[in-house]
Amino acid sequence: MLSVSELTKQVPTHSGELTILNDISFSVSEGESVAIVGASGSGKSTLLSLMAGLDTPSSGKVILSDENITDLDEDQRADFRARNVGFVFQSFHLLSTLTALENVALPLELKGGKKVSKKAAELLERVGLGDRLDHYPKQMSGGEQQRVAIARAFAAEPAILFADEPTGNLDTETGQKIIDILFEMNRSKGTTLILVTHDLKLAERCDRQLELSSGKLVSDNQAKQSSGQPSGQSDRQTKQQSDNASDSEASHA
Ligand SMILES: Nc1ncnc2c1ncn2[C@@H]1O[C@H](COP(=O)(O)OP(=O)(O)OP(=O)(O)O)[C@@H](O)[C@H]1O
Ligand SMILES: [Mg+2]
């Protein structure tokens with residue numbers, strides 16, 4: 001479903017070329033949930049942007065849903081994203097001149113959907129914002145804006161959803177609700193889920209964790225444990241067994 005090969009991103013700076021991502025390779029199966037973890041500045045957001053076709057690498061390629069998105073020009077990438085990709089940004093990127101309802105309806109309209117307002121309202125109700133449909137972003141709290149951004153990312157029912165710190169601005173209870181919705185989509189619609197998080201509990205709920213350090217992929221627990229394992233489910237069980245063996249507290253969320 002997603003394949004990243006030898007991906008490198010360098011940017012020019014005053015003191016010369018800076019390597020933000022260094023030769024990253026991995027692939028993700030359909031329906032898998034993957035957490036990308038690592039310290040601030042390790043390259044997580046950059047990697048997410050490249051995988052979603054929001055940015056282009058210096059070298060290497062990204063194949064998403066059988067399309068080599070690295071070969072597409074900017075307009076083609078925009079069109080590809082509208083049809084295939086949902087994205088929840090670290091900052092919300094809501095359109096300030098549109099209401100909550102209009103922000104969520106927009107990707108549905110771009111996809112040429114029907115009954116877009118009704119669907120957008122249903123999604124906003126699911127994230128607990130049924131009474132904020134006509135509010136503009138500046139009339140909402142940070143957590144409310146984040147929930148609008150999540151409803152918008154789900155709107156077009158993308159095959160793959162990228163989320164950068166989706167619960168970073170939320171209180172524990174709201175964050176939990178959002179996470180439950182993310183995993184419910186992952187389960188019921190088979191949406192592939194790739195999320196960046198500093199929340200270890202959230203990372204553990206994913207089938208697999210990739211860790212970046214200074215632009216390098218330093219750990220991929222599936223690569224270590226997947227030999228002979230037929231599915232993500234088995235990997236998860238294997239992971240829990242190994243966790244339980246090393247933890248005295250064996251219960252998992
Ligand atoms: N356009 C750019 N020009 C120069 N440096 C950049 C550019 N974009 C990102 N960087 C640098 O690349 C590194 C990786 O940035 P990135 O945003 O991917 O980190 P991150 O892992 O998402 O961090 P955080 O957890 O703080 O969000 C950082 O050191 C950042 O300062
Ligand atoms: Mg980031």
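Look at A203 and say whether it is modelled with pLDDT of 85 or more, within 13 Å of the chain's Cα centre (by Cα), surrounded by fewer than 21 Cβ atoms within 10 Å (Cβ to Cβ) and closer than 22 Å to A39 by Cβ. So A203 passes the test. Pairs meeting the criteria (first residue in the stretch 62-90 and aromatic (F, W, Y), second residue away from ligand 2 (no atom under 16 Å from the Cβ), beta carbons under 7 Å, at least 6 apart or on different chains) are F80/G53; F80/E67; F80/I69; F80/L72; F87/A153. Would it be correct to say that S15 is modelled with pLDDT under 95, within 12 Å of ligand 1 (Cβ to nearest atom) and within 28 Å of F183 (Cα to Cα)? So S15 does not fit the description; no. Taking the numbered list (1) within 22 Å of M1 (Cβ to Cβ); (2) at pLDDT below 85 in turn, D171 passes all entries but (1). I'd like to know if the stretch 106-115 contains one or more residues that are of a type in the set (G, A, S), closer than 27 Å to Q209 by Cα, free of Cβ contacts under 8 Å to residues at least 12 places away in the same chain and out of contact with any helix residue (DSSP H, G or I) (no Cβ under 8 Å at 6 or more places or on another chain). No, that holds for no residue.
Pairing residues of the stretch 198-224 that are touching a residue at least 12 places away in the same chain (Cβ under 8 Å) with residues that are in a helix (DSSP H, G or I) and hydrophobic (A, V, I, L, M, F, W, C), at Cβ distances under 8 Å and at least 6 apart in sequence or on separate chains, gives L202/I179; R205/I179; R205/F183; Q209/A203; L212/L47. Filtering the stretch 6-26 to residues that are among the hydroxyl-bearing types (S, T, Y), exposed (fewer than 15 other Cβ atoms within 10 Å of the Cβ) and part of a strand (DSSP E or B) leaves T13, S25.
Could we say that Q225 is at pLDDT below 85 and surrounded by fewer than 16 Cβ atoms within 10 Å (Cβ to Cβ) here? It would help to see each step written out before you state the result.
Details: at pLDDT below 85: yes; surrounded by fewer than 16 Cβ atoms within 10 Å (Cβ to Cβ): no.
Considered against the rule, which asks whether it is at pLDDT below 85 and surrounded by fewer than 16 Cβ atoms within 10 Å (Cβ to Cβ), Q225 comes out as no.
The values are calculated or read from the model by the stated rules, or taken from the named source; none is laboratory data. Given the structure is predicted, the values throughout are model-derived calculations rather than measurements. Neighbour counts are summed over all protein chains in view; Cβ atoms, including those assigned to glycine, are modelled from backbone coordinates with ideal geometry.
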